[in-house]
Amino acid sequence: ELEFCYSNSLGETTQRCVEPLKLHFRNSSWYLQAFCLSKNNFRTFKISRMRQVRLTDRRFVRERTVLPEIAVPSYEPGAQISLTLRFSPAMAFRVYDEFLPEQICRDKDGFFLVNLQHPEDPWLCGYLLSFGAHVEVLSPTRLREQMANIAHKVAELYQK
């Protein structure tokens, strides 16, 4: 059996004791599917939310052989928008890792121009901000303005 502290999506932390059954990779994350002894039912735990994981001395017999379908929150993408992004050469490793070759070209100054279709959702600005000052949104104008607004708010935090 495994014991660990688990933080759910609301930030609530509970102590869990489980019989681990299966590891599962979905939506860019690892999950543990297990029989939770405290809930007396199957549960799915996101690995990155597990802390203080400890293997106990207790053993279990795998009586529960039929596993329910893993429950992972689904993602319903919004409308697709056309993006044109300009990345500094310092981001070469991420550009090549995160975009398709046919979406990437270099300009005369060595910067990367990336053209792609992507769902428009709140996650997009956060993702682009992970590139820091190494990305510029060239289009659409609406997204460029959103990024400028967020950057302005962040700058204000550090000017206090």
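The values are calculated or read from the model by the stated rules, or taken from the named source; none is laboratory data. Just so it is clear, the model here is predicted, and its values are computed rather than measured. As a convention, Cβ positions derive from the backbone with ideal geometry for all residues, glycine included, and neighbour counts pool all protein chains shown.
Touching a residue at least 24 places away in the same chain (Cβ under 8 Å) and either farther than 10 Å from ARG86 by Cα or assigned to a loop (DSSP other than H, G, I, E, B) (or both): does that describe GLN117? Yes; evaluated as a whole, the condition is true for this residue. Tell me yes or no: at least one residue of the stretch 101-110 is in contact (Cβ under 8 Å) with a residue 24 or more places away in the chain and surrounded by 12 or more Cβ atoms within 10 Å (Cβ to Cβ). Scanning the stretch 101-110 turns up no residue that is in contact (Cβ under 8 Å) with a residue 24 or more places away in the chain and surrounded by 12 or more Cβ atoms within 10 Å (Cβ to Cβ).
Table: residues versus (1) more than 24 Å from the chain's Cα centre (by Cα); (2) modelled with pLDDT of 90 or more; (3) part of a loop (DSSP other than H, G, I, E, B).
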{"site": "PRO73", "(1), (2), (3)": "no, no, yes"}
{"site": "GLU76", "(1), (2), (3)": "no, no, yes"}
{"site": "ASP109", "(1), (2), (3)": "yes, yes, yes"}
{"site": "LEU143", "(1), (2), (3)": "no, yes, no"}
